[in-house]
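Here the structure comes first, spelled out in structure tokens, and everything after it is commentary.
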Amino acid sequence: MARGTPGYIGPYRLLNIVHTGHASLIWQAYDDARQRIVGIKTLLEKDLQDRAQINFLHREYIVGHKLSHPYIIEIFPMEWDPRQPYFAMEWFSSPNLKQRLNQRGLEKLAPLIPKVIDRACQALAYFHSEGWVHCDIKPDNFLVTDDGEVKLIDFALAKRARRGVAKWLTPKKKPQGTKSYISPEQIRGSALDGRADLYSFACTIHELLSGKPPFTGTSSNDLLNKQLRSLPPSLEALNPNVTPECAQLIRRTMSKNPDLRPKMVDDFLMEFRMIRVFKSTPTANYCKSPAPGTDKA
């Protein structure tokens, strides 16, 4: 196929669609020049003229292509063309944490959890050190290999952290994020720093340790109100194998007041490394990802 045909986007030869989202597609593609498999993120055909979706994709490229960390997906530098919105990234075929949990269940995922949390913290700490707040931390946005290596993905909602006087100059906007994990300050439209991601990360860990998000609601407003006002359910009650010190750390990191949370991801990680997650080490055999075309159950 020649370049310019539907089989190519830019210099990349499209192979297979591997994921379809609300407004975007992920392709497996081949970089002929460098002879390597890559991932391509582009918009669905219905959204190719949608300025808001183009801006989200462009924001993800702008944020991601300057990052360099082993636990963050690599986005390759390129010349952005809004007439053909896409970007190329490293190929990483592992499922996300949500998929791992749904496919394998809590017990089979448990042996990986301490390592996954540690790696995810390192990714977040670096992301924050570059001046960004992710704003959509959730299980879906961590890809995880069979042995617990992690890649943080999806930077479309990322915002610059606000510090000093700038904290008070942030215009209030409609909250953006995933309602089951969104921080109270995002809901209120307040200035954000890394502690907002820490709240969302604690919600994510709660789900990894209990099998479900800390809050559910009968409506979107009900769920947002719980994020603003309700205390999370006891992790120890939901999973008796979770240690009291781990449950306490997660609960404190989910404080509605950011000042009561760990100040930075590094502080959280330092505390996390000093405690045990489980009272007894999980021994369930961990099932690897099924090969393509095999049973996914």
Suppose only helical runs count, i.e. DSSP H with n ≥ 4. What mean residue ellipticity at 222 nm does that imply for the chain under -39500 (n - 2.57) per run, divided by all residues and rounded to the nearest 500 deg cm²/dmol?
-9500 deg cm²/dmol
Shape of the chain from its Cα gyration tensor (a ≥ b ≥ c, root eigenvalues): rounded if a/c is under 1.5, otherwise prolate when a/b > b/c, or oblate?
oblate
Among 66/151; 98/159; 41/212; 108/151, which pairs are too far apart, with a Cα-Cα distance over 27 Å?
41/212
Under the rule rounded for a/c under 1.5, else prolate if a/b exceeds b/c, else oblate, using alpha carbon gyration tensor axes a ≥ b ≥ c, segment 8-90 is classed as oblate
Report, in degrees rounded to the nearest 10, the 0 to 90 angle that the Cα long axis of helix 113-129 makes with the longest principal axis of the chain.
70
So if R0 is 51 Å, what FRET efficiency would residue 280 and residue 259 give, r being the distance between their Cβ atoms, rounded to the nearest 0.05?
0.90
Using a 10 Å cut-off on Cβ atoms, rank the peptides 176-183, 94-101 from the highest mean neighbour count down.
176-183, 94-101
Residues residue 266 and residue 76, FRET efficiency given R0 of 35 Å [Cβ-Cβ distance, rounded to 0.05]
0.80
Fewest-first sequence of 91, 132 by Cβ atoms within 10 Å of each Cβ:
91, 132
How long is the gain from residue 92 to residue 44 if the chain were fully straight, where each residue apart is worth 0.36 nm and the alpha carbon distance is subtracted?
15.2 nm
Does segment 97-272 come out rounded, prolate or oblate by the C-alpha gyration tensor, with a ≥ b ≥ c the root eigenvalues, rounded set by a/c under 1.5 and, if not, prolate when a/b is larger than b/c and oblate if not?
prolate
Between segment 16-44 and segment 126-147, what's the alpha-carbon centroid distance in Å?
20
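Every number in this text was worked out from the coordinates using simple rules, so none of it is lab data. A quick note: this is a predicted structure, and the numbers were derived from the prediction, not measured. So basically every Cβ, Gly included, is an ideal-geometry build from the backbone, and we count neighbours across all protein chains shown.
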